[in-house]
Every structure is written in C-alpha cells, then in structure tokens.
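In what follows, a single structure is set out as structure tokens and then discussed.
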Amino acid sequence: MKVHGSCHCEAIAFVAETDPQLTSVCHCHDCQKLTGTAFRVSTPALPGTFSLLRGTPKVYVKVAESGSRRAQAFCGDCGSQLFTYDADNPTAYGLRVGVLAESQQLRPTWQKWCEAALPWVQDLPALEKAPRNDRQRGR
C-alpha cells in the first residue's frame, strides 16, 4: 500500500509503501514520553520505498532499552512526529500513522510492550463518545 505523510504545517512530506498487516501499537515508556500520550501507532515502510519529498526534519536520537540508537524524526516548526529509523543503519523506517493521509486504512494488528500499557487503555471503548468537542453528559 502506498502512503503519503506530512507534518501538520506541511513543511515536510514523504511517501513510502507499507504492509498494513504490520501496523502496531507500542505501549513502551519511551513511546508514551515521546508522544505525550498513552501509546504510539506505527507502520513500517517496506525496504527501499521511503522517500522524503520536501523539507528537512529535525532528528533526536534516543537509546532504546535494547541499546540500539533510534532516530526520531519530527518537524522543527510544528513538532509533528513523522518517522523513526536505526540511527546507525538508516534503511528501515517506522512511519507514524497519525501523519499519514491513509491513516484510517491502517488498523493496528498487534500491540507490543503491553507490560508498560497504562491500565485505563483497555477501558477506552466504555468512555462517553462525542463527534466533536461537545460533551453531552458528565459536565
């Protein structure tokens, strides 16, 4: 599947191909901290298909629990997290689903680092739902 990604301000754009069956949710503490939320949803670019179309992302390199150095690419203007790759061997890219135009078609098929998942994540289906920012009850 071909995917198109861009940051919120659209200064940076990229294209790639992915296998939607490999889309995952990561609950690790690093993903929680880097996203500022409970988890991150990513899909891997198929080898040799990632291409940056415009802009130059800023890169932050973190050391994972495994010891590998993971480059986190994001827009220096709007802050959108875009993709990740091995800082020492940048050939495999993990794309952040939220910045992809095809995000609705990339339903996660598995979860990882579940031992670090925030306990309330499993309760999300039971929460009140509003189509926009207009809460009806529990005011």
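Accessible area per residue, 1.4 Å probe, Å², for region 21-139: what's the number? Each step should come with its number before you reach the end.
On the way: 7940 Å² over 119 residues.
The answer is 67 Å² per residue.
If the cut-off is a Cα-Cα distance under 19 Å, which lysines reach residue 112, setting aside same-chain residues fewer than 8 apart in sequence?
Filter leaves 33, 62.
Please report, largest first and rounded to whole Å, the three semi-axes of the ellipsoid equivalent to the chain, where each semi-axis is the square root of five times an eigenvalue of the C-alpha gyration tensor. Please list the in-between numbers first.
Numbers: eigenvalues 137, 70, 48 Å².
One finds semi-axes of 26, 19, 15 Å for the chain.
Test of understanding: what is the full-extension gain from residue 111 to residue 92, defined as 0.36 nm times their sequence separation minus their Cα-Cα distance? Walk me through the numbers on the way to the answer.
Details: separation 19, 0.36 × 19 = 6.84 nm, distance 1.95 nm.
Once the chain is fully extended between residue 111 and residue 92, it gains 4.9 nm.
Enumerate the aspartates and glutamates that residue 58 could reach by cross-link, defined here as Cα to Cα under 19 Å, with residues fewer than 8 away along the same chain left out.
10, 30, 77, 86, 88
Dipole magnitude of the chain about its Cα centre, charges +1 at Lys/Arg Cβ and -1 at Asp/Glu Cβ only, in debye to the nearest 20? Don't skip to the answer; put the middle values down first.
Details: 16 positive and 13 negative charges, 83 e Å.
Approximately 400 debye in magnitude.
Search the structure for amide H atoms under 5 Å from the amide H of residue 93, placed 1.01 Å from N in the peptide plane, and list their residues when 5 or more places away or on another chain.
45
The values are calculated or read from the model by the stated rules, or taken from the named source; none is laboratory data. Everything quoted here is computed from the prediction, not taken from an experiment. Glycine also receives a Cβ, built like all others from the backbone with ideal geometry; neighbour counts cover every protein chain displayed. Accessible surface areas use protein heavy atoms only, side chains included; no ligands, DNA or RNA. Shrake-Rupley method; radii C 1.70, N 1.55, O 1.52, S 1.80 Å.
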